[in-house]
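Since the structure comes first, as structure tokens, the remarks are kept for the end.
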Protein chains: 2
Amino acid sequence: MTDAATTSPGAGAALERRARELDAADPLGGLLDRFVDRDHDEGVLAYLDGNSLGRPTRATAARVERFVREEWGGRLIRGWYEGWMDWPLELGDRLGRVCLGAAAGQVVVADSTTVMLYKLARAGIAARPGRREIVTDVNDFPTDRYVLEGIADERGLDLRFLETTLDGGVTVEQVASMVGPQTALVALSHVNYRSAAIADAAAITRLAHDAGALVLWDLSHSAGVLAAELDAWGADLAVGCTYKYLDAGPGSPAFGYVRAEHQAALRQPVQGWLGRRDPFTMGPGYEPAEGMLRFISGTPPILSMVPLAAALDVIEEAGMAAIRAKSVALCEYAIEIVDALLAPHGVTVVSPRDAARRGSHVTLRHERFRELLDPLWEAGVLLDYREPDCLRIGLSPLTTTFAEVHRGLAAVAGLLAT
Amino acid sequence: MTDAATTSPGAGAALERRARELDAADPLGGLLDRFVDRDHDEGVLAYLDGNSLGRPTRATAARVERFVREEWGGRLIRGWYEGWMDWPLELGDRLGRVCLGAAAGQVVVADSTTVMLYKLARAGIAARPGRREIVTDVNDFPTDRYVLEGIADERGLDLRFLETTLDGGVTVEQVASMVGPQTALVALSHVNYRSAAIADAAAITRLAHDAGALVLWDLSHSAGVLAAELDAWGADLAVGCTYKYLDAGPGSPAFGYVRAEHQAALRQPVQGWLGRRDPFTMGPGYEPAEGMLRFISGTPPILSMVPLAAALDVIEEAGMAAIRAKSVALCEYAIEIVDALLAPHGVTVVSPRDAARRGSHVTLRHERFRELLDPLWEAGVLLDYREPDCLRIGLSPLTTTFAEVHRGLAAVAGLLAT
């Protein structure tokens, strides 16, 4: 440790006091006790990984128990005809209205994000026959890159990567330089999983449309924390994950969006019975159902939709504007601590410093972060390490406190000082 | 009602007495209270639809609640590293050992049955390049037919249907007459969803192998009630559903089996991050993981695996031999009632009368069954109608009582007499 890396005890104490003040003034603070009691999360000093797995609401614990006993156990097969069959579209509509800027009839909850991405990317590509290219981001989330690589292989297409940087996001200029008359599909993330950079979805969508391509947005790292405007952007397709900021539990189902005007023309490749017109006639030959139903394949995962519905209650009550405001405040506060306590040790901020260009996590870089990961977890500071040498500070506005951010980052500073 | 359709009150009373005796002597009777209390299933006179949706165990209700509070809420992201990541293969191994006749390392729990079928059928077909045909059963379950139709379309293959009859099953002779040097994949159900006919899986697998084809078995209507012998049959691929006799809840995940010797050569098309070698390096380019992991695509649906684990506890305790014995006894008793009370009204038995050729449901046929469905449901007799004019009496050995079979079929007889 050098002298330059020393910060005055006064700075640390002031930051800690600020955390208490910010928590006391937090308009969403009253919703913290809507989530499972922190007494259960033994040994957790700071949970800074809500962008990987959100916390459960208290209502979820009670509702899944009641669902098993009263709905599944009590209604038995009748449940399908008394409502379950409508859950994928009803929950989809609600998600669309509360979080995604999507009018009713365009969102479905089903499958895993990977499978939904496969289905919708295949559907989009098939709608642009003759075009030979898929465009994505070399720094996009792995499953997106792998799924598109597989599709490109099987359809004999070229997968072209935008050469973004670790700390940047996809820019409009990069996309403009790559889309053209051969582009079938542009598939990108709204918020980058590592840097948290926000893509200019409206401008990129327009550009891609000017070239005659369709656009698929992956909202996994924005859904529930940064309002999307799918209809307003003119987005064609979107997918996303519900176990991060949407607090729906480990491996909860994905959502998929298909713009209303495209639905009749698009077909997805996994032709299951519940995506068929009149499924219960069980007749010969597959004919896709009307509307979003055709993007369903198998039997909807009902039990795992219960937590999503419970979390949406809290998200809707809070409102996306207040959630975004607290997300920005948490990130700004985190960066303030980094500048005061971690920068002296050589830590740099990978994420954009401009809040308008940043999602709800702050990624930091330091050559010692890999070796610090285990000691941090042992100290109860739960966050993700990402290659090459990054720590992601995930800030989930409904459940993360400013005090928690302070505790977590102070622990990082403490380890760097040893 | 004609005189011929009248049965003596004495016959009915004797059958009812037999139900009481059979229930009293049922070696699995002691396990009935391991399932959610029947007091919750308001208005149910007879649940004869456990082949569509099994009942929940009591343990399930408690375990999902505890899972949310203590595991998800308490361990948070740590849960993935403390066990969840292994659940798909661990539960798969257990399912393989208890129900499927599959040695460890060949079964995974993931996706919906439809998606798993798509993935494994695609993988199997890709392993037989140059062959142009897929063989299935014209009376197979709809999702199987639709998925294969979609695959045939996209891969430019011919989907050939075995012309089975409503009341028959797939015969070895039918398969022999259709498989040949062009057959890439034979995809069939072990137990037919409508007739309950059991296919001779070992003989059909041998035949297909003699022709150089791979075989995919859909075990949805046998898993948990009739032991499969995947390894002994020489099966290449299998899929199945866990919400029927495996009591894992509405829309619970599927399972997939890939014979160990094929795993290294087979690739499935939905290339997600969790099927990749070293997924957390998040590196460029997809390279499939070793073994069954490569058949996983997205994040495993953890919460919805909790009920499956709880149900397997009871199934394992009962043992598949005892379950099959009670299944046969229930079906025999049902047919006895049909012969005594329903046949006089013109009801015929579609399912095989030979227990060795029949799964765990009994399908009946009568021209008035469509109009009887609503009154039966209103009377609390829950069973499925299947085109053209069939009622399925689904008998789930761990939860169906002989008294329930009697009540349900007596209600059918009563309605036919009006």
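The values are calculated or read from the model by the stated rules, or taken from the named source; none is laboratory data. Since the structure is predicted, the reported quantities are computational estimates derived from the model, not experimental observations. Methodologically, a virtual Cβ is constructed for each residue, glycine included, from the backbone with ideal geometry; neighbour enumeration extends over all protein chains shown.
Would you pick out the residues in the range B:16-43 that are buried (at least 17 other Cβ atoms within 10 Å of the Cβ) and at pLDDT 95 or above? Step through it out loud before you land on a result.
From the range B:16-43, those buried (at least 17 other Cβ atoms within 10 Å of the Cβ) are B:19, B:22, B:26, B:28, B:31, B:34-36, B:38, B:40-41; that's our starting set.
B:Ala19, B:Leu22, B:Asp26, B:Leu28, B:Leu31, B:Arg34, B:Phe35, listed by residue number.
So B:Leu214 ticks every box in (1) buried (at least 22 other Cβ atoms within 10 Å of the Cβ); (2) touching a Phe, Trp or Tyr at 6+ places or on another chain (Cβ under 7 Å) but one. Which box is left unticked?
The one condition B:Leu214 does not meet is (2).
Which residues, counting only those in the range A:346-363, are part of a loop (DSSP other than H, G, I, E, B) and of a type in the set (Gly, Ala, Ser)? If you could, list the steps in order and put the result at the bottom.
Kept after step one, since they are part of a loop (DSSP other than H, G, I, E, B), are these residues of the range A:346-363: A:346-347, A:350-354, A:359-360.
Scanning the range A:346-363 gives A:Gly346, A:Ser351, A:Gly359, A:Ser360.
Given B:Ser252, B:Ser222, which one is more than 12 Å from chain A (Cβ to nearest Cβ), closer than 26 Å to A:Leu303 by Cβ and polar (S, T, N, Q)?
Values: B:Ser252 fails: more than 12 Å from chain A (Cβ to nearest Cβ).
Within the list B:Ser252, B:Ser222, the selection yields B:Ser222.
From B:Ala322, B:Ala343, B:Ala356, grab the single residue that is more than 21 Å from B:Asn51 (Cα to Cα) and surrounded by fewer than 24 Cβ atoms within 10 Å (Cβ to Cβ). It would help to see each step written out before you state the result.
Working: B:Ala322 fails: more than 21 Å from B:Asn51 (Cα to Cα); B:Ala356 fails: more than 21 Å from B:Asn51 (Cα to Cα).
Residue meeting the stated conditions: B:Ala343.
With the requirement that a residue be touching a residue at least 60 places away in the same chain (Cβ under 8 Å) and more than 10 Å from chain B (Cβ to nearest Cβ), what does the range A:294-316 give you?
Within the range A:294-316, A:Phe295, A:Leu308, A:Ala309, A:Ala311, A:Leu312, A:Asp313, A:Val314, A:Ile315, A:Glu316 qualify.
Which one is farthest from B:Lys119 (Cα to Cα), of the residues in the range B:243-275 that are surrounded by fewer than 24 Cβ atoms within 10 Å (Cβ to Cβ) and of a type outside the set (A, V, I, L, M, F, W, C)?
Only one residue tops the list, namely B:Glu261.
Would you point out which residue out of B:Met282, B:Met305 is touching a helix residue (DSSP H, G or I) at 6+ places or on another chain (Cβ under 7 Å) and surrounded by fewer than 24 Cβ atoms within 10 Å (Cβ to Cβ)? Reasoning before the result, please.
Working: B:Met305 fails: surrounded by fewer than 24 Cβ atoms within 10 Å (Cβ to Cβ).
Every option except B:Met282 fails the conditions.
So B:Pro250 fits all but one of (1) in a helix (DSSP H, G or I); (2) farther than 25 Å from A:Asp153 by Cβ; what number is the exception?
(1)
When you look at A:Arg324, is it within 30 Å of A:Met85 (Cβ to Cβ), part of a helix (DSSP H, G or I) and of a type in the set (Lys, Arg), yes or no? Break it down into steps so the answer makes sense when it comes.
On the way: within 30 Å of A:Met85 (Cβ to Cβ): no; part of a helix (DSSP H, G or I): yes; of a type in the set (Lys, Arg): yes.
No, not satisfied.
Taking B:Val314 as meeting all but one of (1) over 30 Å from A:Arg55 (Cα atoms); (2) surrounded by 24 or more Cβ atoms within 10 Å (Cβ to Cβ), write down the number of the exception.
In the conditions (1) over 30 Å from A:Arg55 (Cα atoms); (2) surrounded by 24 or more Cβ atoms within 10 Å (Cβ to Cβ), B:Val314 misses (2) alone.
If you go through the range B:92-111, how many residues are assigned to a loop (DSSP other than H, G, I, E, B) and either away from chain A (no Cβ under 14 Å) or modelled with pLDDT under 95 (or both)? Outline the logic, then answer.
Taking the range B:92-111 first, the residues assigned to a loop (DSSP other than H, G, I, E, B) are B:101-106, B:111.
From what's left, either away from chain A (no Cβ under 14 Å) or modelled with pLDDT under 95 (or both): B:101-106.
Within the range B:92-111, residues that are assigned to a loop (DSSP other than H, G, I, E, B) and either away from chain A (no Cβ under 14 Å) or modelled with pLDDT under 95 (or both) number 6.
Being within 19 Å of B:Glu149 (Cα to Cα) and either in contact with a Phe, Trp or Tyr (Cβ under 6 Å, 6 or more places away or on another chain) or polar (S, T, N, Q) (or both), is that true of even one residue in the range A:232-240? Steps first, please.
From the range A:232-240, those within 19 Å of B:Glu149 (Cα to Cα) are none; that's our starting set.
No.
Need the failing condition index for A:Ser327 against (1) closer than 26 Å to A:Gly251 by Cα; (2) hydroxyl-bearing (Ser, Thr, Tyr); (3) within 14 Å of chain B (Cβ to nearest Cβ), just the number.
The single condition A:Ser327 does not satisfy is (3).
Scan the range A:60-81 for residues that are in contact (Cβ under 8 Å) with a residue 24 or more places away in the chain and either under 16 Å from B:Val36 (Cα atoms) or out of contact with any Lys or Arg (no Cβ under 8 Å at 6 or more places or on another chain) (or both) and report the count.
Number of matching residues: 7.
Could you look through the range B:270-293, keep only residues that are assigned to a helix (DSSP H, G or I) and more than 24 Å from the chain's Cα centre (by Cα), and pick out the one that is nearest to the other protein chains (Cβ to nearest Cβ)? Break it down stepwise before answering.
Step one: of the range B:270-293, the residues assigned to a helix (DSSP H, G or I) are B:273-275, B:279-281, B:291-293.
Filter once more, so that each one left must be more than 24 Å from the chain's Cα centre (by Cα): B:273-275, B:279-281, B:291.
Working: B:Trp273: 4, B:Leu274: 8, B:Gly275: 8, B:Pro279: 7, B:Phe280: 9, B:Thr281: 6, B:Gly291: 18 Å.
Selected residue: B:Trp273.
Would you please name the residue that is nearest to the chain's Cα centre (by Cα), looking only at residues in the range A:39-62 that are facing another protein chain (nearest Cβ under 7 Å) and in a strand (DSSP E or B)?
That would be A:Asp49.
Report every pair of residues separated by at least 6 positions or lying on different chains whose Cβ atoms are under 9 Å apart, first residue within the range A:403-414 and surrounded by 20 or more Cβ atoms within 10 Å (Cβ to Cβ), second aromatic (Phe, Trp, Tyr).
Pairs that qualify, where the first residue is surrounded by 20 or more Cβ atoms within 10 Å (Cβ to Cβ) and the partner is aromatic (Phe, Trp, Tyr), are A:Glu404/A:Tyr47; A:Val405/A:Tyr333; A:His406/A:Tyr333; A:Gly408/A:Tyr47; A:Val412/A:Phe369.
Can you work out which of the residues in the range A:294-321 that are β-branched (Val, Ile, Thr) and not in a helix (DSSP H, G or I) is farthest from the chain's Cα centre (by Cα)? If you could, list the steps in order and put the result at the bottom.
So in the range A:294-321, the residues β-branched (Val, Ile, Thr) come out as A:296, A:299, A:302, A:306, A:314-315.
Right, trim to not in a helix (DSSP H, G or I) and you get A:296, A:299, A:302.
Details: A:Ile296: 21, A:Thr299: 24, A:Ile302: 21 Å.
Filtering first and then ranking leaves A:Thr299.
Mind checking which residues of the range B:6-38 are facing chain A (nearest Cβ under 9 Å) and assigned to a loop (DSSP other than H, G, I, E, B)?
Result: B:Val36, B:Asp37.
Taking the range A:121-158 as the region of interest, how many residues are surrounded by fewer than 21 Cβ atoms within 10 Å (Cβ to Cβ), at the interface with chain B (Cβ under 10 Å from one of its Cβ atoms) and small (Gly, Ala, Ser)?
The number of residues fulfilling the criteria is 1.
Which one of the conditions (1) in contact with a Gly (Cβ under 8 Å, 6 or more places away or on another chain); (2) free of Cβ contacts under 8 Å to residues at least 24 places away in the same chain does A:Tyr118 fail to meet, given that it meets all the rest?
So A:Tyr118 meets the others, but not (2).
For the range B:112-127, state whether one or more residues are small (Gly, Ala, Ser), farther than 25 Å from A:Gln271 by Cβ and modelled with pLDDT of 95 or more.
The first filter runs over the range B:112-127 and keeps only residues small (Gly, Ala, Ser), leaving B:112, B:121, B:123-124, B:126-127.
Filter again for farther than 25 Å from A:Gln271 by Cβ, leaving none.
Looking for residues that are small (Gly, Ala, Ser), farther than 25 Å from A:Gln271 by Cβ and modelled with pLDDT of 95 or more, one finds none in the range B:112-127, hence no.
Just a yes or no: is a residue in the range B:153-160 among the aliphatic types (A, V, I, L, M) and closer than 19 Å to A:Gly283 by Cβ? Outline the logic, then answer.
Within the range B:153-160, the first condition is being among the aliphatic types (A, V, I, L, M), and the residues that meet it are B:157, B:159.
Next, only the ones that are closer than 19 Å to A:Gly283 by Cβ stay: B:159.
Within the range B:153-160 (the criterion being among the aliphatic types (A, V, I, L, M) and closer than 19 Å to A:Gly283 by Cβ), the answer is yes, since at least one residue qualifies.
Anything in the range B:370-400 that is in a strand (DSSP E or B) and more than 10 Å from every other protein chain (Cβ to nearest Cβ)? List them, or say none. Before the answer, list the steps.
Here is the first cut: in the range B:370-400, the ones in a strand (DSSP E or B) are B:381-382, B:384-386, B:390-394.
Within the range B:370-400, B:Val381, B:Cys390, B:Leu391, B:Arg392, B:Ile393 qualify.
Going by the conditions given, is A:Val239 free of Cβ contacts under 8 Å to residues at least 60 places away in the same chain, assigned to a strand (DSSP E or B) and surrounded by 24 or more Cβ atoms within 10 Å (Cβ to Cβ)? Even if it seems obvious, please write down each step before you answer.
Numbers: free of Cβ contacts under 8 Å to residues at least 60 places away in the same chain: no; assigned to a strand (DSSP E or B): yes; surrounded by 24 or more Cβ atoms within 10 Å (Cβ to Cβ): yes.
The answer is no for A:Val239.
Say we look at the range A:217-227 and pick out the residues that are surrounded by 24 or more Cβ atoms within 10 Å (Cβ to Cβ) and out of contact with any Cys (no Cβ under 7 Å at 6 or more places or on another chain); which of these is farthest from A:Cys390 (Cα to Cα)?
So the first thing to find is which residues in the range A:217-227 are surrounded by 24 or more Cβ atoms within 10 Å (Cβ to Cβ), and the list is A:217-225.
Subsequent filtering for residues that are out of contact with any Cys (no Cβ under 7 Å at 6 or more places or on another chain) retains A:217-219, A:221-222, A:225.
Details: A:Trp217: 25, A:Asp218: 22, A:Leu219: 22, A:His221: 17, A:Ser222: 20, A:Val225: 22 Å.
The qualifying residue farthest from A:Cys390 (Cα to Cα) is A:Trp217.
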